[in-house]
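Structure, as structure tokens:
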Amino acid sequence: MQSRLADFNDRDVSSALYAYAQLKLRDASFDFDALGSQGVANSIWAAAKLELHDTALLKKGCEWVAANAGRCKVQEVMNVLWAAGVGRYRPAVLQKLTKHIASQAQALKPADVASLFHVLGLFGFDLAGQLQQQQQAALLARAQQLLPQMKPSEAASLYWGMGMARFVHCELFVELTETLGKLAQQQLAAQAALEQQGVDWQQQQQQQRQRPGQQQQQQGDGQQLIRRSMEFGRIHCVVVATKAGEVVYERYYDKYTELDKAEIRAAFQQATDNINLANDNQDFVGSFRDGCFVLIPTMDLVFYALGSGEYDEMALSGVLRVVMISIADVVGKPPTESVFFEKYARIASVIDEVVNEGMLEAVDKELIRKGAKGKGTWE
């Protein structure tokens, strides 16, 4: 909660906590009617924003919205669904909520479309199997219509969600692949331009975050490109270690000193020491400097990713899960310490296919498999 307070003023915090308390008081009686659809949706959204993740509250909130969908605006349904995604709660009424959103697809905004597909991908929702063709077509048409208006982070969320939901054989996914590829090249060009000017790219990124409300003076296309790339954020590193703390793989996408790397490893280990590693495939989050990181224990390993900007906890969790699923798919075995040592080169190729120069590159299993196979012929 503390890490999110900067997003709220005093009134926002007090209102959110008051609304959360109201919902909790009504928890036992299932009576959310007094708050109305807007009150329920906004309160659950505010609680999620403040990291007050309450599974019982999310369950009852999702069920209430599904039962009262006819009186809910599409934005209210999206707020509740977004909160469920942030809280990692897969509602039993997910199909019903998605169908209702599809029926009002034309009311969706760019951020709504990105959030919807991201949450559906997070929960492995089978779009083709659980929605009628007309509903699928309505969502895809609206997404394609809004794509030119999307921020880079929104396009990335849409792309990731479609990939995780295996909804990749369509024109929109091809267009997204091309769009994000161009954005990745733009970011690399912007970073190179800064380095040529002797500017610390990470320091510049931090300064941008510290002045979110200030209008920057226009300094030509080059500076506009740099600001756009900074808005997108970065994955700074991916690390895999045993549950005993021994690093078996690490890849840094920025120019960190050895001292910086040691501090990152120490932050990862400190977070690991404070959790129950028996909770396999559960997300745990932490912070490091101006960024955040996610760690996921699985088998005898722990996967870590550090990011900043739009690569927040949810995005990093998605990246790690794509990595883990892709490794198992390509090498034919779940990732373990012994598998890493046996197939290290192939696994490194897989991770490079998923994350390229600090950006999410691919989520489609077939593309990752082909790319890793091509790179791994020398193994």
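The values are calculated or read from the model by the stated rules, or taken from the named source; none is laboratory data. This is a predicted model, so every value here is computed, not measured. Every residue, glycine among them, receives a Cβ derived from its backbone with ideal geometry; neighbour counts consider all protein chains shown. Ligands, DNA and RNA are excluded from the accessible area calculation, which covers all protein heavy atoms including side chains. Shrake-Rupley method; radii C 1.70, N 1.55, O 1.52, S 1.80 Å.
Each 5 Å bin from 0 upward holds the following percent of the Cα-Cα pairs of the stretch 248-379: 2, 10, 20, 23, 22, 15, 7, 2, 0. Our coupling estimate for the stretch 94-105, obtained by passing each phi through the Karplus curve with A = 6.51, B = -1.76, C = 1.60 and θ = phi - 60°, is 4, 4, 5, 5, 5, 5, 5, 5, 4, 5, 10, 4 Hz, Gly and Pro reported as x.
For the pair Arg289 and Glu342, the difference between a 0.36 nm per residue extended length and the Cα-Cα distance amounts to 15.6 nm. Using alpha carbons only, the radius of gyration of the stretch 136-179 set against its Kirkwood radius gives Rg/Rh = 0.91.
At a 1.4 Å probe, what is the % contribution of carbon and sulfur to the accessible area of the stretch 88-149? Carbon-and-sulfur percentage of accessible area, whole number: 48. Across the stretch 289-356, the relative contact order, built from alpha-carbon pairs under 8 Å that are at least six residues apart, equals 26 percent. Taking only alpha carbon atoms, the stretch 42-153 gives an Rg to Rh ratio of 0.94, where Rh is the Kirkwood radius.
For the pair Glu178 and Ala266, what calculated FRET efficiency results from E = 1/(1 + (r/R0)^6), where r is the Cβ-Cβ distance and R0 = 41 Å, to the nearest 0.05? My answer for the efficiency is 0.55. Note down the Stokes-Einstein diffusion coefficient of the stretch 272-318 in µm²/s, whole number, using a Kirkwood radius over alpha carbon pairs, 10 °C, and 1.306 mPa s. Answer from the Stokes-Einstein relation: 147 µm²/s. Leu97 exposes around 0 Å² of accessible area when a 1.4 Å probe is run over every protein chain in place.
Between Val355 and Glu361, the built amide H atoms are under 5 Å apart, and every one of these is 5 or more places off in sequence or on another chain. Annotation: per residue accessible area for the stretch 88-129 equals 38 Å², rounded to a whole number [probe 1.4 Å, protein chains only]. Counting every pair of alpha carbons in the stretch 299-359, the share spaced more than 17 Å apart comes to 38 percent. Annotation: amide H-H contacts under 5 Å for Val248 (H modelled 1.01 Å from N, sequence separation of 5 or more, or interchain): Val240, Ala241, Thr242. Normalised Debye scattering of the stretch 113-189 at q = 0.17, 0.21 Å⁻¹ gives log10 I(q)/I(0) of -0.60, -0.89, counting only Cα atoms as equal scatterers and leaving out solvent. Residues Tyr256, Tyr304, ordered by accessible area of protein heavy atoms at a 1.4 angstrom probe radius and largest first, appear as Tyr256, Tyr304. Asp329 contributes an accessible area of around 50 Å² to the protein surface, as traced by a 1.4 Å probe with all chains present. Remark: relative contact order (the stretch 55-136) = 33 percent; criterion is Cα-Cα distance under 8 angstrom and separation of 6 or more residues.
How many angstrom separate the Cα center of the stretch 290-312 from the Cα center of the stretch 55-118? Result: 26 Å between the Cα centres. Against the criterion of solvent-accessible heavy-atom surface with a 1.4 angstrom probe, Ile325, Ile101 sort, most first, into Ile325, Ile101.
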